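Before any comments, here is the structure.
Bear in mind that the values in this text are calculations on the coordinates, not laboratory data. Just so we're clear, the structure is a prediction, and the values are computed from it rather than from any experiment. As a convention, Cβ positions derive from the backbone with ideal geometry for all residues, glycine included, and neighbour counts pool all protein chains shown.
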Amino acid sequence: MSFPVSRDRLLAIVNSFAGRRIVVAGDFVLDQFVYGYPKRISREAPVLILRYWKEESLPGSAGNTAANIRSLGGEPRPVGVIGDETGNALRDIFRSRGIDTSGLIEVRGYRTPTKTRILGGGPSSIKQQIVRFDREQTLDADTRTRGALLQRLRRAADGSTGAVISDYGYGAVSPAAIGPLREELSHGAPVLVDSRRRLPDYVGVDAATPNEEELEEAIGERLGDSGARLQAAGSQLRARIGCRTLLVTRGSRGMALFAEDGPPVEIPVHGTDQVADVTGAGDTVIATFGLSLASGASPLEAALLANFAGGVVVMKMGTATVTVTELREAIHADRALLT
């Protein structure tokens, strides 16, 4: 299946990402990865012992969205809360990448949510995730913290060309952010949302990017393999939220686009459906989709670019980002989706 969109048009949109200022308001998470080589089976229990190799920390959730916007040439403006030494580590990572951290508020007694993954594999093989443990804390913000967040949100939105709300359920953002963003953003700037548990509450955003499981939860119905159910569910949720565009990510089955000015469109996955790691792929999708819409792309053009970006990032291990060069290469290499 090909779409009536040219490579030159998509490349022109990608070129316009540079310097595009996008607010990223939401829950900031630190993703930790600990790698090891298989050593032997323990005598104490039937478990694998790994010989430590290395570890790394990367921005997760809203942080990964901001990191992807940056790697694509945009200027993310993160707004949220951090705390403890994990928050300091996250802030240092942002600063090392040239990301403005003035919108991050440090809250005493709050620990930045941290997801630690243990991976093992031979020196020349792909490292497989063995177990993950999460250290989670929901923000119980007082009036003062909420007021400070609102102030940072307004400051970041002033003059920005778009905004992404990344709600992972840790309490740093809510549907109440929509109003202030509308008031301060540049005229016509799109507001997008990615919400794990309360997407239907974000009435009035311009676009949303749920995965298929989140779509099912939002409408209270299992979709199975039915294309008709998928189309009905997507149209229903888009109307319920009142958004112009809904982009549903479907893993190896690609994406489904629901826009107000046309019928639903199913977009096949870019590249292979045999992925290496889906960690953070949704963050890459909304970062690319948001940058594209903020750059004047149509919903279909933005969806195709997000599909290319997602296809690139799932072939990387860990919480990864896509670069401008990689996105351009994917557009040039495509022989299936573009005319």
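For the stretch 1-22, name all the residues that are charged (D, E, K, R) and either surrounded by fewer than 22 Cβ atoms within 10 Å (Cβ to Cβ) or assigned to a loop (DSSP other than H, G, I, E, B) (or both).
Arg7, Asp8, Arg9, Arg20 - these are the residues of the stretch 1-22 that are charged (D, E, K, R) and either surrounded by fewer than 22 Cβ atoms within 10 Å (Cβ to Cβ) or assigned to a loop (DSSP other than H, G, I, E, B) (or both).
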Q) Got at least one residue in the stretch 8-30 being more than 30 Å from Ile105 (Cα to Cα), touching a Leu at 6+ places or on another chain (Cβ under 9 Å) and among the aromatic types (Phe, Trp, Tyr)? A) no
Note on Glu221: of the conditions (1) in contact (Cβ under 8 Å) with a residue 60 or more places away in the chain; (2) in a loop (DSSP other than H, G, I, E, B), unmet is (1)
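Residues that are in contact with a Pro (Cβ under 8 Å, 6 or more places away or on another chain) and at negative phi: list the strands (runs of 3 or more DSSP E) wholly contained in the stretch 239-333 that include at least 1 such residues.
Values: elements: 245-249, 255-259, 265-267.
Correct list: 245-249, 255-259.
Could you list, in sequence order, all residues of the stretch 106-129 that are under 30 Å from Ala148 (Cα atoms) and assigned to a loop (DSSP other than H, G, I, E, B)?
At the first step, the residues of the stretch 106-129 found to be under 30 Å from Ala148 (Cα atoms) are 106-116.
Correct list: Val107, Arg108, Gly109, Tyr110, Arg111, Thr112, Pro113.
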Those residues of the stretch 43-99 which are among the charged types (D, E, K, R) and touching a Pro at 6+ places or on another chain (Cβ under 9 Å) amount to Arg51, Arg70, Arg97
Among residues of the stretch 88-117 being small (Gly, Ala, Ser) and free of Cβ contacts under 8 Å to residues at least 40 places away in the same chain, the residue farthest from Ile130 (Cα to Cα) is Gly98
For the stretch 22-71 the number of residues that are farther than 22 Å from Glu85 by Cα, under 31 Å from the mean Cα position of the chain (by Cα) and small (Gly, Ala, Ser) is 2
Reported set for the stretch 106-116 where residues are buried (at least 21 other Cβ atoms within 10 Å of the Cβ) and within 21 Å of the chain's Cα centre (by Cα) is Thr112, Pro113, Thr114
By residue number, the members of the stretch 23-60 that are farther than 21 Å from Thr279 by Cβ and either touching an Asp or Glu at 6+ places or on another chain (Cβ under 7 Å) or assigned to a loop (DSSP other than H, G, I, E, B) (or both) are Ser42, Arg43, Glu44, Ala45, Pro46, Val47
| said: When you check Leu192 against the structure, is it surrounded by 15 or more Cβ atoms within 10 Å (Cβ to Cβ), farther than 21 Å from Ser61 by Cα and not small (Gly, Ala, Ser), yes or no? | reply: no
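Being among the basic types (Lys, Arg) and touching a residue at least 40 places away in the same chain (Cβ under 8 Å) narrows it down to one of Arg144, Arg155, so name that one. Quick ask: steps written out before the conclusion?
Values: Arg144 fails: touching a residue at least 40 places away in the same chain (Cβ under 8 Å).
Being among the basic types (Lys, Arg) and touching a residue at least 40 places away in the same chain (Cβ under 8 Å) holds for just one of Arg144, Arg155, which is Arg155.
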Here the qualifying pairs (Cβ atoms under 6 Å; residues six or more apart or on different chains; first in the stretch 242-259 and under 23 Å from Asp201 (Cα atoms); second surrounded by 22 or more Cβ atoms within 10 Å (Cβ to Cβ) and polar (S, T, N, Q)) come out as Leu247/Thr209; Met255/Thr249; Met255/Asn307; Ala259/Thr245
